[in-house]
1. Restricting things to Cα coordinates, could you compute the convex hull volume per residue of chain B in Å³?
2. On a 22 Å Cα-Cα criterion, which of the cross-link pairs A:Lys451/A:Lys548; A:Lys460/A:Lys490; A:Lys262/A:Lys291; A:Lys497/A:Lys550; B:Lys34/B:Lys70 come out too long?
3. Ordered by residue, what ³J(HN,Hα) values in Hz, to whole numbers, does the range A:332-344 give under the Karplus form 6.51 cos²θ - 1.76 cosθ + 1.60, where θ = phi - 60° and Gly and Pro are x?
4. Going through the range A:401-504, which GluC sites (Glu not before Pro) have at most 15 other Cβ atoms within 10 Å and a DSSP loop state?
5. Starting from the Kirkwood Rh over alpha-carbon pairs, what translational D in µm² s⁻¹ does the range A:4-261 have by Stokes-Einstein at 20 °C and 1.002 mPa s?
6. Going by amide H atoms built from the backbone, whose H comes under 5 Å of the H on A:Arg155, apart from near neighbours?
7. Along each of the three principal axes of the Cα atoms of the range A:269-449, give the extent in whole Å, ordering the values from largest to smallest.
8. Determine the percent antiparallel among the DSSP beta bridges restricted to the range A:269-449, to the nearest 5.
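Please treat every number below as a calculation from the coordinates, not as lab data. As the structure is a prediction and not an experimental result, all values here were calculated from the model. Virtual Cβ from ideal backbone geometry, glycine too; neighbours counted across all protein chains shown.
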Amino acid sequence: MLDLSKYQSIGEALRDALDQYANEVCLIEADRDREKERLTYREFKERAHPLAKALQDGSFSSGDRASIIMTNQSKWLISAYAIFFTGGVLVPLDYKLTADEQWQLLKHSSASVLITEYPIWRQLGASPGRAAASNVRTVLVTEAPANADLDGAQRWEEFRGAGEPVFVARKRSDTACIVYSSGTGGRPKGCMMTHENYLEQCVALTSIYPFCPGVRYLSILPTNHAIDFMVGFFGPLTCGAAVVHLRTLRPEFVREAFPKYKITYVSLVPLVLKNLQKGLQTRFDALPPGKQKVFNALVRVNKALTKSQPLPSISRRLLKQVHEAFGGELRTIIVGGAFTEPQTLQFFYDLGIPVANGYGLTEAGTAITVNDLRPFRADTVGKPLPGMEVRIVNPAEDGVGEVTVRSKTVMAGYLNEPELTAETIIDGWLQTGDLGRFDGTGHLQLAGRKKNMIVTEEGKNIYPEDVETVFESLRVGEFCVFAANYIWPKRSMIGEKLVLVLHLEPGQQYGEELRREINARNNRLLNYKRIHGVVLLDEDFPRTASLKIKRNVLAERLAVLDSAAAILPL
Amino acid sequence: MRTLEQTTQEVLDLAAKHFQLPVGSLAPGDDFFKKLGIDSLQTLEMLSRLENHFGIELPDYEVQGVSDFKTLAERIQSRL
């Protein structure tokens, strides 16, 4: 791989990688069982440079911001490289957000260019939120049908400048990306990630999980997500590895992709990993009793042999059929975005498929800790990566306290939010809001959260403030949304849920009509953002002088209630 | 050619069968995440069943943000 310590920016490193690995396969794109495209590093460059030149011809210059809202595909990475090449700042947004939410973040980021796919643009174009984001002056749309109404956009495929673009240098301390960790409904949290953040994170991660030519990474997590950006874009491309994109995430086609493309690494969220486990377990349970007995014995042997470290060649021989279903070359499944249950991790490890469980957050530049597999520990999230200082602040008797981090990978701050930044990064230490403790061997064990938020099994961060807008003007005295675990802390990150706390009007009952109204509003939210139940409180909410709800005080008042009885189903 | 009503009914019947619910227990306006208690992956599995039944391909983007049977049936109808 490139020696990233010599580089100043993502664009500079990628530029050299495209030349160094010119003949290696860079990208493979498939739609269902059909391979659509296969590009070498040279061909990647040939696609990206005309786009970079056209951006420069359109006066996109150093420090200007360009957003990408696309599903995982080759044009995502090609566009991102063109933006970095021209010295731009990338704003990767989640394609699963609603159009209004996307416009809100486009406005907040001050992006002047938007690169998106035609089906997404149709929804964006029709959204009333468009009027507010006049900062977006150029829209490039991929894969638009021949006679499509582009509604003011230009075709990505035709947006090509003649001649060579001029590479624009950036410093390590310059912002490379603005990544939104939350805040679509309330206060957007745009993490300003520097070039140094990414360069350092890449060095740390690839020291444990190396990429090289011949390695194939299956990109399933959205590329706007910090993990896929690192291990599905920047990491593999600076090492000459190949990235495989699937245009559909139907489980049957994902399963087929492993043997078809001989996948080496894949990143998954816990939900998908659990689904994979369920599918495998069903197949194992269906084995005839005799075969099942042999299979279980082989798993036990594998477990004993790999106790201190993975032994891929032995595991692949012992449990041949399982490994062949994954293509026979799968080294590690990277899991992230949310907490994974230890028994799921152990299930895969016992089959000889190590799962790199770790812990991180966007603000820290993806991963803070990761399991180094020596030995594999399903009950922890691993040890701090090289270059990461991790401290537990104000530990209780059992050693549990807030996890804080200091590293060159920690973001520069939140865009336009100096106060929030000052609360989050204190003397260079990032306050994660997560609770944990170190065991005697230096492994971090997570133990719940200090902050009022949840992370779903799909890896989505949900802040209560972001979903409250949907309940505005609800005919009740007062309302407030909380993470249930914030009110009733438990030393776990499994099964986190949101609850709606209501203070009803005098004489008002929580009856069928109100329940229906809450349900109707709740259904307007994307499914993973929905509240789980209602909690009634018969007293005024504590408020500041400016009438904002004092959430922490209110949470303390609610904490005396018995959670099991207090949460009413919807 | 099926009418939208017929397509909707077939979607409801298939979803009920797939998730082992009594036929007739689902309505066009039902939110399938909530009514069936399923996650996004199980939804993708249901879509594959529907594709096989109707003999169409439904790209993932077509069902992005869709959570009720009626809209799902409309998206299917437009590709029949």
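1. Spread over its residues, the Cα hull of chain B gives 80 Å³ apiece.
2. In this structure, A:Lys262/A:Lys291 exceed 22 Å between Cα atoms.
3. Using θ = phi - 60°, the values come out as 8, 9, 8, 10, x, x, 6, 6, 10, 5, x, 5, 5 Hz.
4. Listed in order of number, the matching sites are A:Glu472.
5. Estimated via Stokes-Einstein, D reaches 117 µm²/s.
6. Under 5 Å from the amide H of A:Arg155: A:Val141.
7. 64, 35, 25
8. 90 percent
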